[in-house]
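Let me begin by presenting the structure, written as structure tokens, before commenting on it.
A short reminder: the numbers here are calculations on the coordinates, not readings from a lab. Predicted, not measured: the structure shown is a model, and the values here were computed from it. Here the Cβ positions follow ideal geometry from the backbone for every residue, glycine too, while neighbour counts run over all protein chains shown.
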Amino acid sequence: MKSPMFVSLLAAAFPVLAQQVPSALATAGDVAALPGGAWLALDKRALRLVGPDGAERASLALRPRQFDVRAGAGGALVLVVDANTERALPVIADTADTADAATGTLRALPALPETGFGIEAACLYRDAQRLDHAFLVAKDGQAQQWLLGPTPRLVRHLALPPGVKHCRVDDATATLYVGEAGLGLWAYDADPESGGTRRPVDLRAPFGKLAGGAGAIAVLPGGVAALDAKGTLHAWRHVNGAWQAQAPLAIQANGLAAGAPLLAHAKDGWRPAGLAWTTKEAPARTLPIVTARAQTEPVARAGDAADDPAIWVHPSDPGGARVLGTNKKQGLLVYDLQGRQLQLLESGRLNNVDVRQDLRFGAERFDLAMATQRDENAMVLFAINATGKVAEAARIPTPLDDIYGACLYRTPQGGLDAFVNDKDGRYLHYRITRAADRFGAELKRSFRLASQPEGCVADDRTGLLFMGEEDRGVWVADADASRPAVPRMVLPVGDVLHADVEGMGIYHGSKGNWLVVSSQGNNSYVVLDAAPPFRVRGAFRIGIDAQAGIDGASETDGLDVTSARLGGPYAKGLLVVQDGHKRLPDGPQNFKLVAWEDVERALKLE
């Protein structure tokens, strides 16, 4: 049942919610209400903690420019900009006893490292993992996102508009709002794994209804408020991905303080802004979050380079497993389970890769990987020896015009079949052959999906072939070359699975076999039964391990998973995913290694 959130900014109509600003704070440049009736305030000389009675309980001497606050148990985290040092300073405000006694403290934490620019705007963000971040913005639009903690870490660089003097983040929707003086109010994704998309909330005339751009900002439940250059208060509700403007109020204010009621600063000091705001919001649907246990070294090319991983299992040493990953600007990479790069095979623009082991070609036995080579529209075979060393073994041309995705199938007889697809939807099914010490391929079937596919995976145990059609969903067909290939929809794009549908892998467990699919459109991973009726078991995201300094994963192209017991954290298996945005700090893409037991626990698959 939806629980309504009623927030009124009319103090007279809702006196219970109204929190009166102590008269002593009338001239403060910024104020923020804290739990228990205490207040934080900025003036030109200090950050001050004030009790409900207006008496000062603590102060921190500095020349503050602005601040932002996130409440917590018995106090708050404060981010304040010291205009003298041009450093952002986290502060802990302890208000546990301020309501009853003349106590309370302000404890400054170490300042964030120098940014290399003057800080014009700063704001806090508390993410779905309850980790705190700081956004720092320069006059020319340079910006940085930092992960706060005992050792602050630079998460990423951003390019924001020039002339930003105010920013605020809506934690519930992970939306960063920035006010661009002279133009308007913009919304960015605050999630560090986002690609930096921006959307206008409202702009100055004639592009919108703001007079001279946007100034002070305050987040409202289900929306946002901002002042324009004339001090007029504007508010917007966020509905179905769009912002709906409310009637503006000409209050001639120069500052805003979020809360119930919303406060505005004018010539006569801080007072309720007079904006009636009632909204009903459904609780945000959140997905469980797991963290990677390790990550690979970044690939050697910037931009969209890393694409698809595959896992090779050592025949006798669980810890000797290898992760093969494609760099579609360079070739094939080989990593150990600690993420260290062991090999680089410069085989050109490789896209998807897959591995099958203990394959039989007459009296010979091979472990083989196959990747698609996009410059040559060919399949490239790689042989893997018993120690995990990889070597190119063959290049097999195809008639495809734009080869793209691929996967392998170990036949019941121990042979090898390969499926490759084209961006136009075509699939070719080959039988890999070997004669006179050379690998070749024999075309067995061809079929197609209606639009662009890429990821696919064949289940060697059940003979099912799963295929991802990027904009439509997951299909299944028979992997057996002797049977007709009639794709049947397994999971359409919708509430759970978001386009693009990308990489997929199969986990063979003792209690079930699971299909794992990259839901690229919402940076998640969907798990469903790998057998009829293909029941969805849940979805999860990969988040930040702040202590280890491993960022989350997003925009995942390819993935692979194994149930092999690889020891250590991977005693129940390993999931490897490509990460489309390397953060902590920014860098070339890489691959994340996730313990399957963490996925089991998050989705209650045990």
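The table below gives the values:
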{"read-out": "Three semi-axes of the equivalent ellipsoid, segment 289-603, Cα gyration tensor, whole Å, largest first", "value": "26, 23, 19"}
{"read-out": "Helix-only [θ]222 nm of the chain, DSSP H runs n ≥ 4, -39500 (n - 2.57) each, per residue, nearest 500", "value": "-500 deg cm²/dmol"}
{"read-out": "Part-to-part distance (alpha-carbon centres) for segment 307-345 and segment 229-306, which is given in Å", "value": "42 Å"}
{"read-out": "Relative contact order for segment 382-509, counting Cα pairs under 8 Å that sit 6 or more residues apart, in percent", "value": "17 percent"}
{"read-out": "Out-of-range pairs (alpha-carbon distance over 28 Å; input K165/K592; K139/K230; K165/K209)", "value": "K165/K592"}
{"read-out": "Sequence-separation-based contact order of the chain, relative, with Cα cut under 8 Å and 6+ spacing, percent", "value": "9 percent"}
{"read-out": "For segment 529-581 and segment 348-386, distance of Cα centres in Å", "value": "23 Å"}
{"read-out": "Residue exposure sequence - T387, T85 - by fewest surrounding Cβ within 10 Å", "value": "T387, T85"}
{"read-out": "For segment 242-400, alpha-carbon Rg relative to the globular expectation (2.2 N^0.38 Å, N residues)", "value": "1.88"}
{"read-out": "Rg to Rh, two decimals, where segment 530-572 supplies the alpha carbon set and Rh follows Kirkwood", "value": "1.04"}
{"read-out": "For segment 143-219 and segment 462-499, distance of Cα centres in Å", "value": "40 Å"}
{"read-out": "Peptides ranked, highest mean first, by Cβ atoms within 10 Å: ranges 245-255, 566-576", "value": "566-576, 245-255"}
{"read-out": "Relative contact order of segment 289-603, pairs being alpha-carbon contacts under 8 Å that are 6 or more residues apart, as %", "value": "17 percent"}
{"read-out": "From the C-alpha gyration tensor of segment 27-206, square roots of 5λ in Å", "value": "28, 17, 16"}
{"read-out": "Cβ-based net charge around A211, under 13 Å, with every Lys or Arg adding one and every Asp or Glu removing one", "value": "+1"}
{"read-out": "Convex hull projection area averaged over all views, segment 419-546, Cα basis, nm²", "value": "10.3 nm²"}
{"read-out": "Radius of gyration, Dmax [segment 51-158; alpha carbons; angstrom]", "value": "14.6, 46"}
{"read-out": "Mean shadow area of segment 356-452, taken as a quarter of the surface of its Cα convex hull (nm²)", "value": "6.4 nm²"}
{"read-out": "Estimated translational D of the chain in µm²/s (Stokes, Kirkwood radius over Cα pairs; 20 °C; 1.002 mPa s)", "value": "81 µm²/s"}
